[in-house]
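Single-structure report; data block below.
Please treat every number below as a calculation from the coordinates, not as lab data. Model, not experiment: these values are computed from the prediction. Note that each Cβ is placed from the backbone with ideal geometry, even for glycine, and that neighbours are counted across all protein chains shown.
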Amino acid sequence: MRFFLVLSLLFFVLGCSFERKDDKDQANKKLKYWCAPNPEEIELAKILVDKWNRLHPEIQVEVQPLPAGQSSEEVLLSAIAGRTTPDVCSNIWPGAISEYTKAGGLVALDEFEDFDSLVNARRIPVELLESFKSGDGHIYQLPWKTNPIMLLYNVKIFKEAGLERPPRTYSEFFEACEKIKQLGIFPGYTDIRPIWWQRFFDFYPFYIASSGGKTLFKGENFDIDYNSAVKVFEFFRTCFKMGYFPITNFQVDPFLTGKVAMRFTGPWTIAYLERNKPDGFEYDFAPIPVPNDHQGKVYTYGDPKNIAIFSTTKYKREAWEFVKFLVSEYSDSLLLEICNQLPIRGDLLENRKFTGYFNRNLKMKVFAQQTPFTRGIDSGVEMKEIFDAISREFEACAVYGVKSPEEAVRNLIKRSKIILEWSK
Amino acid sequence: MNRKISTYIPLLIGAIFFAYPFLWMFFASLKPETQISELWLLSKNLNLKNYSIVFAKIPILRAFFNSLLVSTTITLSVIVFGSIVGYALSRLNFKGRDFILLLILFTMMIPFQITLIPTYVLIVKLGLVDSYAGLIFPGMMNSLAILIFRGFFTTIPQSLIESARIDGCNNLQILFKIIMPLSKPAVATVGILTFTSSWNEVLWPLIVIRSEKLMTMPQLVTIFVVGGQAGSQLGVQLASATLLALPIIFAYVFLQRYFIESLARTGLKE
Amino acid sequence: MVKMSKVDSKAGYFMVMPYLIYFAAFIAYPLIFSFILIFHRWNIVTPMEFIGLKNFVRLFKDELFFKSIINTLIFLSIHIPLQIVIALFFANLLNKQIKFRSLFRALYFLPVVVSSVVVTILWQQMYAYETGLINQVLSGFGFKKIPWLVSPEIAMPSIAVMATWKNVGFYIVLFLAGLQSIPNELYEVAEIDGASSFQKFYRITLPLLNPTVVLVIVLSTIGGFSLFIEPYILTGGGPLDSTLSAMLYIYNQAFYFNHMGYAATLGFFFALVILVVVIAQRKFIEREVY
């Protein structure tokens with residue numbers, strides 16, 4: 001009898017070790033996941049990956065932040081060339097998608113059969129999803145998070161100036177500026193340096209708002225909305241000409257010190273303001289102003305970051321499952337809690353899972369409302385250089401007033417054509 | 001008397017112009033943000049807060065060591081190889097010697113603007129991006145150093161070399177045991193020139209190094225100030241600049257004569 | 001010279017080998033490769049695409065590039081004369097019998113050894129419009145503040161002044177050495193003949209100093225063409241592209257927009273411009289002497 005027990009014990013142990021080998025073979029399914037290098041997103045990634053690994057012992061995920069001090073786009077492009085790409089990356093900038101696909105690096109996500117149901121479950125508006133489509137009609141990036149640019153204003157200064165609510169149209173904006181100017185304060189401020197990404201905080205959100213959600217490209221063709229662009233240039237030119245915006249760069253934050261009443265920025269500013277604001281400082285957010293004859297919703301630029309699966313992956317199905325997990329309600333609620341960034345979902349204020357967060361972070365509600373009405377950068381080529389051209393025209397026309405808005409936009413179209421022609 | 005004053009006053013004003021800004025920068029980095037723009041150096045609130053922020057935000061000590069490693073290696077390499085080639089060109093006779101000399105002179109005339117991008121491409125192909133080798137290799141040899149050594153070596157009396165050869169020394173031994181000890185001015189010149197220019201070099205590291213861990217000190221400070229990590233905190237920016245200036249100023253205080261003389265000598269060389 | 005044996009010849013080849021390897025790798029290869037790259041489009045990551053002369057077509061349509069070259073020339077046209085005048089002035093003073101000469105010399109030379117990065121960050125504070133040091137001094141004396149880096153007309157000259165401040169110490173030392181090599185007897189003879197200080201300077205000092213002046217001009221020119229880090233830190237090329245130097249533009253094309261082939265083409269063209277300028281300078285200056 002004992003002999004039998006010992007034998008069966010032996011068999012059991014042997015069997016387990018065999019099984020463990022099998023498990024090891026199964027658990028050999030490893031996915032590499034790269035996240036953005038900032039501390040909050042790293043923390044979020046670690047928590048999500050831990051949970052996933054516990055729930056899915058057969059598909060283990062290893063997370064690694066992208067190197068800091070380096071442009072993620074460059075890192076990813078080199079990885080694609082050197083075939084050292086991860087399976088999944090969640091710091092995908094839409095403006096670089098065409099470079100990644102040209103290098104043959106991404107998996108078309110709309111080919112997964114449950115892609116549509118996933119998108120619907122997140123209530124992503126159709127046009128928003130369309131704006132992430134590539135030239136070949138496929139979608140290579142899953143919309144993940146966004147940081148809508150909105151109007152930030154100093155509530156106290158507004159009260160002092162007799163303004164009851166933030167301005168909604170260009171005329172209201174100028175009226176508000178006049179009143180604030182009487183107080184000896186600069187009504188608004190934007191960084192005037194002609195750096196290409198600066199325009200994400202002035203020209204581009206206003207353009208998207210003015211054009212009712214149109215971006216710069218239609219498919220692969222440069223298709224800027226001439227009238228909207230002219231109106232936006234005209235708006236900023238007036239601001240600088242009338243002295244509403246200063247033509248200088250401040251060394252110390254002028255909004256916090258009350259030197260400037262309004263700025264255009266995103267939700268990340270909330271944490272910064274809360275940490276550094278002087279006593280009694282009150283602020284709030286509002287949608288970007290639009291031309292007086294504007295109809296319909298107010299859109300804005302959302303600086304989206306999306307998720308992509310790389311074509312070097314050996315486990316397409318598993319990677320997709322992991323991606324779905326990254327955009328689940330659970331993960332999205334953590335994205336809100338830990339990073340204070342907004343998931344690209346249309347149900348942020350209706351879904352009960354997020355109510356707690358928004359009740360605790362009232363300022364974020366305005367952003368949540370704005371989220372479905374954002375646009376990103378087109379996935380066309382040469383986006384950086386095109387924005388560089390926009391920056392130059394902006395500087396010449398709006399800041400220094402040496403060009404008329406029409407001239408500036410015409411010049412912009414000309415230079416963009418040269419840039420695009422050369423890249424064909 | 002009058003003459004003396006009219007000489008000393010401009011000199012003094014000049015000295016203030018050239019030195020005061022550095023002093024101001026140092027003291028400004030010790031002041032709280034609101035007092036930075038003051039012209040006067042001293043203030044009641046001097047503190048080291050900005051420096052602690054710099055040390056917390058960027059690996060500046062590491063960058064210092066990176067710079068030290070890279071510059072020292074490059075300097076040693078330039079001295080060693082420069083002297084070897086300079087010796088061959090000045091004391092040895094072989095076919096093609098004059099051709100190589102012409103080649104070296106030609107190299108000095110090529111503007112780096114044309115070789116910059118292809119050299120970067122070469123470094124990428126060799127897989128040396130983000131590596132110390134990528135920083136060091138392109139700097140390992142220097143035409144000017146070769147010419148300086150060559151020029152100096154022609155002044156060494158032939159008799160010394162002859163007697164060493166009779167004693168059975170080979171060329172390398174002649175070079176390093178006999179000639180180099182006699183060439184201290186040349187070594188100092190080449191050493192200081194190479195070290196200073198490689199320490200201050202910032203364009204090449206900006207191109208070749210992307211990982212913060214490997215950045216050289218000037219590169220790290222540039223990215224820190226331009227890239228916005230310092231936020232709009234002026235004091236922190238000035239603190240990082242002061243830290244960057246300290247090593248060279250420190251060396252300069254002690255070796256000042258050698259600095260000036262070596263740089264001046266290169267001018268006369270032309 | 002004693003005729004060397006064959007053994008020495010071989011040693012010669014060995015010893016020159018390091019340079020030849022270096023030359024092949026870092027000079028010959030890049031030069032040849034740049035000629036190839038000029039006819040391609042490449043972002044390093046994806047394979048090179050042959051596009052024939054398209055890079056040149058773009059170059060000639062590229063107003064911004066030509067503007068950057070002109071900006072660089074503007075910079076040089078201010079920086080070089082300023083440098084010569086100031087360096088001569090101080091070298092002259094230092095040449096006299098004064099105490100503390102090495103102290104003064106050391107102070108003037110200090111900016112030369114310090115990194116350009118430090119100098120640029122420092123001058124960013126000197127030039128700041130609202131709170132900058134220079135404007136503070138000006139307002140203190142009742143003058144208006146000057147938009148040093150914000151005005152398109154003044155920005156490049158401001159950078160030229162800063163570059164002069166940084167480098168002039170080196171040229172002071174060069175001129176000083178040149179001055180000290182002029183024999184005193186020449187001045188004594190001139191004094192006996194009744195020459196004024198001005199005449200002494202114009203007829204004796206300048207001509208004899210000519211080689212040094214030539215040297216200063218050539219060195220400053222070559223240095224000036226590589227103007228990069230100062231506009232990179234101070235202005236990013238603005239305002240209105242007035243401080244966009246050629247090197248900065250090429251850098252942006254290569255490393256921001258990843259247009260390697262186009263950047264190589266720009267570099268090639270720019271190198272030609274430099275050669276033309278340097279040769280023209282040599283001809284012009286040499287004519288001056290005779």
Checklist entry - How large is ³J(HN,Hα), in whole Hz, for each residue of the range B:239-248 in order, when computed from phi with the Karplus curve 6.51 cos²θ - 1.76 cosθ + 1.60 and θ = phi - 60°, using x for Gly and Pro? => result 5, 5, 5, 4, 4, 5, 6, 3, x, 5
Checklist entry - Just in the range C:171-254: which chymotrypsin sites (Phe, Trp or Tyr not before Pro) are loop by DSSP and have at most 16 other Cβ atoms within 10 Å? => result none
Item to check | Coarse-grained scattering of the range B:17-121 at q = 0.12, 0.17 Å⁻¹, given as base-10 log I(q)/I(0) from a Debye sum over alpha-carbon atoms | outcome: -0.76, -0.97
Checklist entry - Once the Cα atoms of chain C are picked out, what are the Rg and Dmax in Å? => result 24.1, 79
Checklist entry - Rounded to the nearest 500, what is chain C's calculated 222 nm mean residue ellipticity when only DSSP H runs of at least 4 contribute -39500 (n - 2.57) each, over all residues? => result -22500 deg cm²/dmol
Checklist entry - For the protein assembly as shown, what is the percent of antiparallel DSSP beta bridges, rounded to the nearest 5? => result 60 percent
Checklist entry - What are the residues whose amide H is under 5 Å from the amide H of A:Ile307, where those residues sit 5 or more places off or on another chain and H is modelled from the backbone? => result A:Leu142, A:Trp144
Next on the checklist: Rg and Dmax in Å for chain A, alpha carbons only: what are they?
Outcome noted: 24.9, 101
Checklist outcome for this item: Shape descriptors of the range C:172-276 over alpha-carbon atoms, Rg and Dmax in angstrom, are 21.7, 68
Next on the checklist: Treating only the Cα positions of the range C:77-236 as identical point scatterers, give the base-10 log of I(q)/I(0) from the Debye formula at each q in 0.09, 0.14, 0.16, 0.20 Å⁻¹.
Outcome noted: -0.38, -0.81, -0.97, -1.24
Next on the checklist: Run the Debye formula on the Cα coordinates of the range A:340-424, all scatterers equal and no solvent, and tell me log10 I(q)/I(0) at q = 0.12, 0.14, 0.24 1/Å.
Outcome noted: -0.61, -0.69, -1.04
Checklist entry - How large is ³J(HN,Hα), in whole Hz, for each residue of the range A:165-176 in order, when computed from phi with the Karplus curve 6.51 cos²θ - 1.76 cosθ + 1.60 and θ = phi - 60°, using x for Gly and Pro? => result 8, x, x, 10, 10, 4, 4, 4, 4, 5, 4, 4
Checklist entry - What nm value, rounded to one decimal, do you get for the distance between C:Ile36 and A:Leu362 when each label is placed 7 Å out toward the C-beta? => result 6.6 nm
Checklist outcome for this item: Here the Cα Rg-to-2.2 N^0.38 Å ratio for the range A:52-122 is 1.30
Next on the checklist: How long are the semi-axes of the equivalent ellipsoid of the protein assembly as shown, defined as square roots of 5 times the Cα gyration tensor eigenvalues? Whole Å, largest first.
Outcome noted: 55, 39, 27
Checklist entry - For chain C, the longest stretch holding no GluC sites (Glu not before Pro) located in a DSSP loop with at most 16 other Cβ atoms within 10 Å is which? => result C:154-290
Checklist entry - How large is ³J(HN,Hα), in whole Hz, for each residue of the range B:155-160 in order, when computed from phi with the Karplus curve 6.51 cos²θ - 1.76 cosθ + 1.60 and θ = phi - 60°, using x for Gly and Pro? => result 8, 6, x, 4, 4, 4
Checklist entry - Based on the Kirkwood radius over alpha-carbon pairs, what is the Stokes-Einstein translational diffusion coefficient of the range B:2-47 at 37 °C with 0.692 mPa s viscosity, in µm²/s? => result 272 µm²/s
Item to check | For chain A, the longest site-free run once GluC sites (Glu not before Pro) in DSSP loop states with at most 12 other Cβ atoms within 10 Å are removed | outcome: A:165-281
Checklist entry - Which value at 222 nm does chain A reach when only helices count, each DSSP H run of 4 or more adding -39,500 (n - 2.57), with the total divided by all residues and rounded to the nearest 500 deg cm²/dmol? => result -13500 deg cm²/dmol
Checklist entry - DSSP loop chymotrypsin sites (Phe, Trp or Tyr not before Pro) in the range A:283-364 with at most 16 other Cβ atoms within 10 Å of their Cβ, which ones? => result A:Tyr315
Checklist outcome for this item: At R0 = 51 Å the Cβ-Cβ FRET efficiency linking A:Arg193 and C:Gln97, nearest 0.05, sits at 0.50
Checklist entry - Taking the range A:295-353, which trypsin sites (Lys or Arg not before Pro) meet the DSSP loop condition and have no more than 16 other C-beta atoms within 10 Å? => result A:Lys297, A:Lys314
Checklist entry - By count of other Cβ within 10 Å, fewest leading, how are A:Asp114, C:Asp241 ordered? => result A:Asp114, C:Asp241
Item to check | Where a label projected 7 Å from the Cα of C:Ala28 along Cα→Cβ would reach, residues of the range B:95-122 with amide N under 13 Å | outcome: B:100, B:103-104
Item to check | Relative contact order for the range B:57-269, counting Cα pairs under 8 Å that sit 6 or more residues apart, in percent | outcome: 34 percent
Checklist entry - Once the mean 1/r over all distinct Cα pairs of chain B is inverted, what Kirkwood radius in angstroms do you read off? => result 21.7 Å
Item to check | Inter-site label distance for B:Ile5 and C:Glu49 at 7 Å from Cα along Cβ, in nm | outcome: 7.4 nm
Item to check | Over 20 Å (Cα to Cα) - which of B:Lys184/C:Lys10; A:Lys277/B:Lys57; A:Lys218/A:Lys384 fall in this group | outcome: B:Lys184/C:Lys10; A:Lys277/B:Lys57
Item to check | Projected label distance in nm at B:Gln35 and B:Ala19, using a 7 Å step from Cα toward the beta-carbon | outcome: 2.4 nm
Item to check | Alpha-carbon Rg/Rh ratio, for the range C:219-290, with Rh computed the Kirkwood way | outcome: 1.09
Item to check | Amide H within-cut-off set for A:Tyr283, under 5 Å, with H built and near neighbours excluded | outcome: A:Val155
Checklist entry - Between C:Ile182 and residues 5 or more places away or on another chain, which pairs have amide H atoms under 5 Å apart, with H built 1.01 Å from N, and which residues are they? => result none
Next on the checklist: Can you tell me what percent of all Cα-Cα pairs in the range B:1-78 are more than 13 Å apart?
Outcome noted: 77 percent
Checklist entry - Where Rh denotes the Kirkwood radius from the mean inverse Cα pair distance, what is Rg over Rh for the range A:84-232? => result 1.07
Checklist outcome for this item: Note on chain C: contact order normalised by length, alpha-carbon pairs under 8 Å, 6 or more apart, percent, works out to 28 percent
Item to check | Likely footprinting exposure, A:Arg410, A:Arg392, fewest C-beta neighbours within 10 Å first | outcome: A:Arg410, A:Arg392
Item to check | Cα centroid separation - the range C:169-199 against the range A:370-424, whole Å | outcome: 59 Å
Checklist outcome for this item: Exposure-ranked with fewest Cβ neighbours within 10 Å first, C:Lys145, A:Lys363 stand as C:Lys145, A:Lys363
